[in-house]
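Have a look at the structure below, then the notes.
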Amino acid sequence: MMALRSVLLGVGGHLPERVLTNAELAERVDTSDEWIVARTGIRERRIAADGEKTSDLAIKAARAALEHAGRDAHDVDLIIVATATPDLTFPATAARVQAALGVVKGAAFDLQAVCSGFIFALATADNFLAREQAKLALVIGAETFSRIVDWEDRGTCVLFGDGAGAVVLEAQTCDTQRGVISTFLRTDGRMHDLLYVDGGPSETQTTGKLRMIGNAVFRQAVEHISGAMLEACARAGVSIDTVDWFVPHQANQRILDGVARRLGIPVEKVISTVAVHGNTSAASVPLALDAGVSDGRIKKGDLVLMEALGGGLTWGAALVRM
Ligand code: ACO
């Protein structure tokens, strides 16, 4: 049956040059490479240079995704930037990205769902394309969490990194199940205090620092991520065994392993970049997707299940046929 689908045409990523190793962090706070690797799987992360903004990373990732898609920026009519670390309180970082790319039509806006932001933005773009409100969408996850991390809190500063990833989605009428097949999104605001930033324009008139009750978030993560993945598959009427690749939010290798064990997923099918990216929040899923596509593991026609959980709490999953 012919149907309008959000087909994923291209993916791209960009990481800042500066690598921050666990050994360097151990000189700043009371931690060690052994502890960080054993508890998180993280070995290093990238940190934006002074003056390097979220929009700078987003623009580079967007250009890479457009090139991979073989599409011109002038044809883009929707830009969604998922970020919890915008350049400024307003206007949206997406507006800066739009101007830098030379796009002069359509809408551009930011979306805030912290680490789940890319999944929420993908689902939002899919709805715009399905309603024929846009034709060619850029969905970007971009973050500079180094700006909101408390560099004296060893419980959080070892986890996060900076980066951006992007995909290009085009509305196409297809007779096969291509592109975004199903999405599932959830928020439970009762868990606000497990993971938040203690500043903002309205409440404190400051930017604030990230605060997290890590072990409580960890417990929520395995349960809710697994549930979201099963729900996205159920909505599409496919069995999780038929998924070719799992592209998770890269929060902690132990969460990736816990979810894989719970759902009986072979670890070889899970794309993991957490060792070298750390947790890049909304950028982590598209950066991992880019890694899997660039090294040739994820191919055209493959069934890919992405998922994330973040502050809010928010969580979700998206099933995509490449
Ligand atoms: N180095 C050494 N010791 C540390 C460090 C560190 N970097 N950080 C914490 N510890 C200590 C703690 O102080 C504690 O010591 P104590 O027992 O003497 O009190 C001990 O290690 C155990 O602390 P836990 O927090 O229970 O350790 P846990 O095994 O849970 O690991 C971690 C902590 C890595 C943060 C883990 O809980 C985690 O990954 N949580 C999930 C994070 C996440 O998924 N976030 C979601 C997305 S992020 C977003 O949305 C922005």
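The values are calculated or read from the model by the stated rules, or taken from the named source; none is laboratory data. Just so we're clear, the structure is a prediction, and the values are computed from it rather than from any experiment. Neighbour counts run over all protein chains shown; Cβ positions are idealised from the backbone, glycine included. Surface accessibility is based on the protein's heavy atoms, side chains included, excluding ligands, DNA and RNA. Shrake-Rupley method; radii C 1.70, N 1.55, O 1.52, S 1.80 Å.
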Whether any residue in the range 194-203 is within 18 Å of Ile265 (Cα to Cα) and without any contact (Cβ under 8 Å) to a residue 24 or more places away in the chain is what I want to check. no
Return the residue satisfying two criteria in turn: it lies in the range 161-173 and is open to solvent by less than 10 Å² (accessible area, probe 1.4 Å) and of a type outside the set (Gly, Ala, Ser), and of such residues it is farthest from the ligand (Cβ to nearest atom). Val168
Candidate set from the range 248-303 (those that are under 10 Å from the mean Cα position of the chain (by Cα) and among the small types (Gly, Ala, Ser)); member that is farthest from the ligand (Cβ to nearest atom): Ala288
Residues of the range 10-29 being surrounded by 19 or more Cβ atoms within 10 Å (Cβ to Cβ) and assigned to a strand (DSSP E or B), in sequence order, are Gly10, Val11, Gly12, Gly13, His14, Leu20
I'm trying to understand the selection: among the residues of the range 260-282, which are crowded, with 23+ Cβ neighbours inside 10 Å and in a helix (DSSP H, G or I)? Val274, His277, Ser281, Ala282
Which members of the range 175-209 meet the condition of being open to solvent by 60 Å² or more (accessible area, probe 1.4 Å) and assigned to a strand (DSSP E or B)? Leu185, Arg186, Thr187, Tyr196
Is there any pair linking a residue in the range 246-272 that is in the same structural domain as Cys115 (by TED's automatic domain parsing) to one that is more than 15 Å from the ligand (Cβ to nearest atom) and of a type outside the set (Phe, Trp, Tyr), with Cβ under 8 Å and at least six apart or on different chains, and which? none
The one condition Ala38 fails out of (1) more than 16 Å from the ligand (Cβ to nearest atom); (2) part of a helix (DSSP H, G or I); (3) open to solvent by 60 Å² or more (accessible area, probe 1.4 Å) is (1)
